[in-house]
Amino acid sequence: MLARTNASSKVMTNTAAPVHKRRFTLGVAAALSIVVGGSACTRPTVGYCVVEEDCELNQFCSLPEQECVTATVIRGEFSGSQALPPTASDRSGSFVLRISSDQSVGNWTLSHDLPNPTILQLRAGKIGQGNIAGIPLAQLDPAQKSGTLPLDPDRVRALIAGDLYLVMGSASFPNGELRAQLIGSDPAQAQAGSVRLIGQLSGQQTAPSNPSRGNGIISVDYNETAGTLNYNFNMTGLDGGITGLHIHRGGFNINGKHVLDLPTVSQLSSNGTVDTSTVYKEQRQLMSLLLRSGLTYFNVHTSNVSTGELRAQLLPTKALPFNVALTPAMGVSSAALGEIALFLDESQTRVAFRITHTITNPLMGISLVRGATDLTVLCPDLQKSMGTSGAQGSCPLGTAPAGPQLTVADLMSGAARINIQTKVAAMGELTGVLKMPPITQ
């Protein structure tokens, strides 16, 4: 079904039901609603057309048929996990593009919570790919909530095929803190074939993280044209019995609502097929976009951890997000707690970080050390942050274990440790061992 719009009607922005982040409550996906004569979306009557894509849950737009015009709707949801390399950012946003019937122009609307964005660029590349064109296809103003984008049939075909994306930069990540793959919202334009998503299961991906001994892997094949989702998971070491298996909406470290329920089983390995028509109706319009963009996660609820003992972000790449708890250092009396969110990129040459904590004492700096001798590991972004809560950046990964850089081997073995120093604890008030969950093949 093609989306329909009325150029003469008044347009206003509605905010979808909020998704609760770990320490923030933010609205997601700013959807548009067509409003006639100031009234809200209503159920359609005979002689009226339905603008399904423009409504929130349980809302339907009604316009006289003679006022309806055909339009193609393209959407994108911003996240740090889509960036290449990925970031550990917890910021988000939405982009909606309505393409004119002659395909000469697109009217766009934008909402996001990224402070002081530096760039907003349209680039060429499928999900998991970098900018294959080498130069931006267009520059948009991230400070604007709406605008127009000149188009041509070739670019429209690329948008419908999911070959273009937006990237939004910041001071921490000038080349892109957030990315949004642009995908058509018309099911009739769905691309043939399936998309495979992989996730590594661990307690270190739950928000907040938990010390579960369990781990595992899940693979998902989503076929939009067939309306099916095939899944296969294998787990080990759960601390409790399985009470629920769900796919939720949300990026890394963001908790969200249910999208799909998988059959609850007692065994730790299972596979099957889910009919995607059973998706929770408030997610129905965006399900394909969320899945393809890596904005869903698989949650394993158990009798030991009812909110989710294991979690896996369902990603189209082999990047790995995980959390590390920051607790008071040995011998230090402090009520502060914290966490460092980490995102290892697919090439394993860089790891992004985001620091959060509740330290109230004046900060003196942050250090990254390795081994029994506490050899200092260099990460300019980390050292420059001074350990400030909310600071983010990335560290290059080296190959020589004895060198000055952090290595993947360090992350696997837990050989590296982070310390946040304050005036009352010069050696570190909070500390945490940087250890990634095991990778299951």
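Out of (1) at pLDDT 95 or above; (2) surrounded by 19 or more Cβ atoms within 10 Å (Cβ to Cβ); (3) not hydrophobic (A, V, I, L, M, F, W, C), the odd one out for Pro115 is which? Condition (2) is where Pro115 drops out. Note on segment 132-152: residues that are part of a loop (DSSP other than H, G, I, E, B), surrounded by fewer than 18 Cβ atoms within 10 Å (Cβ to Cβ) and either touching a helix residue (DSSP H, G or I) at 6+ places or on another chain (Cβ under 9 Å) or on the phi < 0 side of the Ramachandran plot (or both) total 10.
Would you check which residues across segment 311-326 are surrounded by fewer than 19 Cβ atoms within 10 Å (Cβ to Cβ) and in contact with a Ser or Thr (Cβ under 7 Å, 6 or more places away or on another chain) and list them?
Within segment 311-326, Ala325 is the sole residue that qualifies.
If only residues of segment 318-344 that are among the small types (Gly, Ala, Ser) and part of a strand (DSSP E or B) are counted, the one that is nearest to the chain's Cα centre (by Cα) is Ala341.
Tell me, please, whether a residue that is without any contact (Cβ under 8 Å) to a residue 60 or more places away in the chain and either farther than 29 Å from Gln200 by Cα or in contact with an Asp or Glu (Cβ under 8 Å, 6 or more places away or on another chain) (or both) can be found in segment 423-440. No, segment 423-440 contains no residue that is without any contact (Cβ under 8 Å) to a residue 60 or more places away in the chain and either farther than 29 Å from Gln200 by Cα or in contact with an Asp or Glu (Cβ under 8 Å, 6 or more places away or on another chain) (or both). Taking segment 426-441 as the range and being part of a strand (DSSP E or B) and out of contact with any helix residue (DSSP H, G or I) (no Cβ under 8 Å at 6 or more places or on another chain) as the test, the residues that pass are Ala426, Met427, Gly428, Glu429, Leu430, Thr431, Gly432, Val433. Once segment 345-378 is narrowed to residues that are crowded, with 17+ Cβ neighbours inside 10 Å and among the polar types (S, T, N, Q), the residue that is farthest from the chain's Cα centre (by Cα) is Ser367. Count of segment 213-263 residues, restricted to those that are without any contact (Cβ under 8 Å) to a residue 24 or more places away in the chain and either touching a Ser or Thr at 6+ places or on another chain (Cβ under 7 Å) or within 13 Å of Tyr297 (Cα to Cα) (or both), is 2. Restricting Gly308, Gly331, Gly387 to residues that are at positive phi and either among the acidic types (Asp, Glu) or surrounded by fewer than 17 Cβ atoms within 10 Å (Cβ to Cβ) (or both) narrows the list to Gly331.
The values are calculated or read from the model by the stated rules, or taken from the named source; none is laboratory data. Just so we're clear, the structure is a prediction, and the values are computed from it rather than from any experiment. Cβ coordinates were reconstructed from backbone atoms using ideal geometry, including for glycine residues, and neighbour counts include every protein chain displayed.
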